[in-house]
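Comments concern the structure below.
Coordinate-derived values only; no laboratory data. Source: prediction; values computed, not measured. Note that each Cβ is placed from the backbone with ideal geometry, even for glycine, and that neighbours are counted across all protein chains shown.
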Amino acid sequence: MSGLGVSIAHQLPGRTRFRVAKARGHAFFFQQLRDELSTCPLIHRVEVSAVTGSVLVWHDGSAADVLKFANDRRLLDVSAEEAPDVPPVEAIANSVSRLDERVRAASAGRWSVGAVGFYGLVSATVYQLARGRVLPPAGTLAFQALSVFLRALDADRAQAKGRG
């Protein structure tokens, strides 16, 4: 076994679902893990899913007792506990926010991701107009540019209000 990190997805008394995200898709690993965990006297039943990277355990005692058993046998590395899964939309929003901070820092506050998006969409609008494609390409791009501009303006105002 490889000592992969584990996180607790959810638990109820006597029932815990663990996630081993880095082993997703490795059926052999999960079969071995199931077989090894089944030897623990505290554990009544183990179900694994290589597709989701989950291990569902019915047990006596606490989830910590089950994790100690797994850690002692080097089945899972409790010290390398994985961060909980973040919903994709939230992960993207966090990434864009970090990118915005970097763009603002690199441009001494003159640019933001919203401003770059706005000018990119305006440029694409002009390009579509030059090609004679007014509707729908240029109209849609112009609408999206205005939408980005207004959101960026609101964000900048809120940020300025927070500082002042």
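Projected onto their three principal axes, the Cα atoms of segment 1-130 cover extents of 72, 31, 27 Å, largest first.
Among Gly114, Gly139, Gly14, the residue with the largest mean-square fluctuation in a Gaussian network model of the chain, with springs joining Cα atoms closer than 10 Å, is Gly139. Long hydrophobic helices in the chain: the complete DSSP H runs spanning 18 Å or more by Cα along their own axis with mean Kyte-Doolittle hydropathy of at least 0.5 are 113-130.
Could you compute the longest span of the chain free of trypsin sites (Lys or Arg not before Pro) located in DSSP loops and having at most 11 other Cβ atoms within 10 Å, not counting the site residues?
With trypsin sites (Lys or Arg not before Pro) excluded where exposed in loops, the chain gives 1-73 as its longest stretch.
Placing pseudo-labels 7 Å out from each Cα toward the beta carbon at Gln32 and Leu129 gives an inter-label distance of 6.4 nm. Using the Cβ of Gly53 as centre and a radius below 9 Å, the other residues enclosed give a net charge of +3, where K and R count +1 and D and E count -1. The orientation-averaged projection of the convex hull spanning the C-alpha atoms of segment 4-80 amounts to 4.2 square nanometres. Considering only Ser38, Ser112, Ser123, the mean-square fluctuation computed in a Gaussian network model of the chain, springs between alpha carbons under 10 angstrom, is largest for Ser123.
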